[in-house]
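The values are calculated or read from the model by the stated rules, or taken from the named source; none is laboratory data. No experiment lies behind these values; they were computed from the predicted model shown. Methodologically, a virtual Cβ is constructed for each residue, glycine included, from the backbone with ideal geometry; neighbour enumeration extends over all protein chains shown. The accessibility values were calculated without ligands, DNA or RNA, using every heavy atom of the protein model including side chains. Shrake-Rupley method; radii C 1.70, N 1.55, O 1.52, S 1.80 Å.
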Amino acid sequence: SPTSGAAEAARAIRTNLMFMAPDEPYRTLLITSPAPSEGKTTVAVSIAAAMAQAGQRVVLVDCDLRRPRVHRVFGKKSTVGVTSAVVEGAPIESVALKTEVPSLWVIPAGPLPPNPAELIHSERFKAFLKRLAVDFDRVIVDSPPVVTVTDAAGLSTLVDGVVLVVRAFATGKDIARHGLRAIRDVGGKTVGVVLNAVNLDRHEYKYHYYY
């Protein structure tokens, strides 16, 4: 739905991300949230699609190796993916799947490993991520919630920037601060926060909406 409010919001986020660092653009971006059910996968898909529609070669990588969802959004199977490339050495072209969005590829999680955090901290995973940054203009990484498990904090050190997704009227301030602190404590760079699922009919937003 390219004319929807959600699509317009995704384009606004894309524009902000692209103009934040015009001289050193964010080639690799991690999308995470403090806790589950805040919409990080939806936001990751939306940002990736918006960037692809701007004419860039984009790959969306599902690094939630515990509860992967990206493949379901695009109606793909997760029989091959990130773990196939990292553990088995499968070539990028065999795990990067074309989507209905021109210039957008998706790499599912693949078979789930028994030790996701160790896999993400491995040298082979780092090499995989670096290779993607060479083959594509933008690499968008979806990860588990940053407060729940350590995977996202580890991933934040391997990308150019992190976008934190918080859900309006649902995410508590304390857990949001905890999420930001978890990224900062390991040296990750938070480039912005997306406020998701805003209800413009609520009185808190009505003045701004009509203005």
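So for region 43-156, considering every pair of alpha-carbon atoms, how many percent are separated by more than 16 Å?
Here the tail beyond 16 Å accounts for 55 percent of pairs.
Find which of VAL159, PRO2, LEU180 sits farthest along the positive direction of the dipole of the chain, computed with +1 on the beta-carbon of Lys and Arg, -1 on that of Asp and Glu, about the Cα centre.
PRO2
With every protein chain present, what is the per residue accessible area of region 92-211 (1.4 Å probe, Å²)? Don't skip to the answer; put the middle values down first.
Working: 6470 Å² over 120 residues.
Accessible area per residue, region 92-211: 54 Å².
Pick from GLY75, GLY188, GLY172 the residue whose mean-square fluctuation is largest in a GNM of the chain, springs joining Cα atoms under 10 Å.
Looking only at GLY75, GLY188, GLY172, the largest GNM fluctuation is found for GLY75.
Please work out the Cα convex hull volume for the chain and give it in Å³ per residue.
With only Cα atoms used, the chain gives 123 Å³ per residue.
Only Cα pairs under 8 Å and at least 6 apart count here; give the relative contact order of the chain as a rounded whole percent. Write down the numbers at each step before the final one.
On the way: 378 pairs, mean separation 57.7, N = 211.
Averaging sequence separation for qualifying contacts and normalising by length gives 27 percent for the chain.
For TRP105, list long-range residues whose amide hydrogen, built 1.01 Å from N in the peptide plane, is under 5 Å from its own amide hydrogen.
Under 5 Å from the amide H of TRP105: VAL58, VAL59, LEU60.
What percentage of the solvent-accessible surface of region 92-144, computed with a 1.4 Å probe over protein heavy atoms, is contributed by carbon and sulfur atoms?
58
Show the residues, 5+ positions off or on another chain, whose built amide H is closer than 5 Å to the amide H of VAL165.
THR32, SER33, VAL194
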